[in-house]
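Some notes on the structure that comes next.
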Amino acid sequence: MGSKFLTAPYRSALVLAIASLTASNLLHSQNTNGPSGSGQFQVGSSLEATADPPVPRPSTKPCVVTLLSNQAFENFTNPTYSYAPPSECPGPWAKVIFTGDFSIQPGVQFDRTGQLFLGDVNIYFGTTAEPLQTQTDTWHVERDLTDYSTLFKTPQTGFASLGNIVGEDGLNSIIFGTFKLEFYPANFINPAPKTADVVLPLPDNGSGSVALNAANPELSQTFTLPTNVENAYLDVIAAVRARVDVPVAAYHVSGEYAMIKAAAAHGWIDGAAVALEHTVAIKRAGADIILTYLAGELAETLNG
């Protein structure tokens, strides 16, 4: 999957980040019995786990914005929230980190897919744990959202999507979640990185993720882009990568190859750098194999 646009030579360049989320409609499980503790969070018992490696923090004192607190998920209603940038940390930021703290009541329940959106942009995607029989299970997750810094500069609304069934078919465990954003101010030791000027959600429909399958294999979106785009970053969160152990292959479409070559020929972009960034974005999305017309050129670039 790729973005389709040309770049043009303007004095003030613009960087885009296109946030894309595709999901399967099948359930998948997450093991919360991995290593626990992170230096940032005190482990209270063997029932508390850090589900993902903790994100490294800068040395500056963060401002914390709570999006939802102890939110109960017991049906398929998407709870909403209102976000405002932290007034005490207006930016620029050295790092922006999402944290999520989940718990599930003891009993019987499926693992569920949990997502969080801000301005239709997906800022978290993961799965919940299945419950224990007699004790509450808890876990902690983190995501580095610094690349999306521009998204957090303006007040916006958002919502959480974590559909859960309680009271039917013997299912009785409610899932709870608290979600926060940590903003670390930049300073001389911890400078703000270069991030995108615009973040565009894909799909841009306010209804969350979209299922891709044999009957619906493609997702497309039309954007009106400025003419001074310098580069684009495509972040794809694909549930298939988390669900299967076989190699995942991605095809870098010929249309993007042609646009890169045309823009480079006009001197609008650094063709080699943009080609590398496009393929790195596909790799970052979870692909093990990349089929691209740029293979020969990339090999020369990487080999110096």
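The values are calculated or read from the model by the stated rules, or taken from the named source; none is laboratory data. Keep in mind that what you see is a predicted model, and the values were worked out from it rather than measured. Cβ coordinates were reconstructed from backbone atoms using ideal geometry, including for glycine residues, and neighbour counts include every protein chain displayed.
Summary of values
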read-out	value
A275 small (G, A, S), surrounded by fewer than 15 Cβ atoms within 10 Å (Cβ to Cβ) and either at pLDDT 75 or above or over 24 Å from Y148 (Cβ atoms) (or both)	no
Residue satisfying condition, being more than 15 Å from S103 (Cβ to Cβ) and either touching a Lys or Arg at 6+ places or on another chain (Cβ under 8 Å) or surrounded by fewer than 19 Cβ atoms within 10 Å (Cβ to Cβ) (or both), within set G163, G158	G163
The range 79-108 - residue that is among the polar types (S, T, N, Q) and surrounded by fewer than 17 Cβ atoms within 10 Å (Cβ to Cβ) and, of those, farthest from K61 (Cα to Cα)	T80
Yes/no for V55 being touching a strand residue (DSSP E or B) at 6+ places or on another chain (Cβ under 6 Å) and either buried (at least 17 other Cβ atoms within 10 Å of the Cβ) or not assigned by TED's automatic domain parsing to the domain that holds G177 (or both)	yes
Residue check, Y124 of a type in the set (F, W, Y), closer than 26 Å to E230 by Cα and in the same structural domain as N70 (by TED's automatic domain parsing)	no
Residue check, A186 modelled with pLDDT under 95, touching a strand residue (DSSP E or B) at 6+ places or on another chain (Cβ under 6 Å), within 29 Å of T60 (Cβ to Cβ) and among the small types (G, A, S)	no
Among residues of the range 116-158, those that are within 16 Å of the chain's Cα centre (by Cα), within 17 Å of P53 (Cα to Cα), among the polar types (S, T, N, Q) and not in a helix (DSSP H, G or I), counted	1
Some residue of the range 37-45 being within 26 Å of A186 (Cα to Cα), in a loop (DSSP other than H, G, I, E, B), at pLDDT 95 or above and not small (G, A, S)	no
Criterion (over 30 Å from I123 (Cβ atoms), outside any helix (DSSP H, G or I) and either modelled with pLDDT of 80 or more or in the same structural domain as L145 (by TED's automatic domain parsing) (or both)) met by exactly one of G296, G267	G267
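Residue-wise test of (1) touching a residue at least 60 places away in the same chain (Cβ under 8 Å); (2) hydroxyl-bearing (S, T, Y); (3) under 25 Å from S209 (Cα atoms).
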{"site": "R112", "(1), (2), (3)": "yes, no, yes"}
{"site": "L118", "(1), (2), (3)": "no, no, yes"}
{"site": "T134", "(1), (2), (3)": "no, yes, no"}
{"site": "D144", "(1), (2), (3)": "yes, no, yes"}
{"site": "P155", "(1), (2), (3)": "yes, no, yes"}
{"site": "D169", "(1), (2), (3)": "no, no, no"}
